[in-house]
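Just below is one structure, and these are the notes that go with it.
The values are calculated or read from the model by the stated rules, or taken from the named source; none is laboratory data. Here the structure is a predicted model, which means the values were calculated and not measured. Cβ coordinates were reconstructed from backbone atoms using ideal geometry, including for glycine residues, and neighbour counts include every protein chain displayed.
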Amino acid sequence: MNVVFRGAGVLRVDPADRTILRLLRDRDRDGIPSEVVLRDGSRLLIFNISWGYDPAAVSAQVTTNISPSIGGVSVDVFTTDTVVAINDPETGAPLLAVA
């Protein structure tokens, strides 16, 4: 569970991050591969995530594939504001397009 405290006892996940985080963690995709496409064209294969906010950050920082680690799959770090799409890597079907 990722709990984020901002300010004096305020629990909050920014609305702009919520959809991305829910899709990758909560909506039955935890452990199932997802392909995240970043603004710079990078494509990351993700099986699980851990996330949080740096105190000065505007967007959530996401670390991939570390718990549990997946043999042969890289651990990557990105922020939610760099995501442009999330796809199902097995079918190519889009799961989310970010404007």
**Report entry** Residues satisfying the stated conditions in the range 56-71, i.e. within 14 Å of the chain's Cα centre (by Cα) and either more than 12 Å from ILE20 (Cα to Cα) or in contact (Cβ under 8 Å) with a residue 40 or more places away in the chain (or both)
**Finding:** SER59, ALA60, VAL62, THR63, THR64, ASN65, ILE66, SER67
Report task. Quick one: ILE70 ticks every box in (1) among the β-branched types (Val, Ile, Thr); (2) in contact with a strand residue (DSSP E or B) (Cβ under 6 Å, 6 or more places away or on another chain); (3) closer than 11 Å to PRO33 by Cβ except a single one, so which number is it? Result -> (2)
Report summary line: Restricting attention to the range 55-91, the residues that are part of a loop (DSSP other than H, G, I, E, B), of a type in the set (Asp, Glu) and surrounded by 15 or more Cβ atoms within 10 Å (Cβ to Cβ) number exactly 1
Query raised in the report: List the pairs whose first member sits in the range 72-99 and is more than 11 Å from LEU23 (Cβ to Cβ) and modelled with pLDDT of 95 or more, whose second member is among the charged types (D, E, K, R) and in a loop (DSSP other than H, G, I, E, B), and whose Cβ atoms are under 7 Å apart, counting only residues at least 6 apart or on separate chains?
Result: THR82/ARG39; VAL84/ARG39
Query - Selection count where residues are of a type outside the set (Lys, Arg), closer than 17 Å to THR64 by Cα, modelled with pLDDT of 75 or more and in a loop (DSSP other than H, G, I, E, B), scope the range 1-50 - result: 7
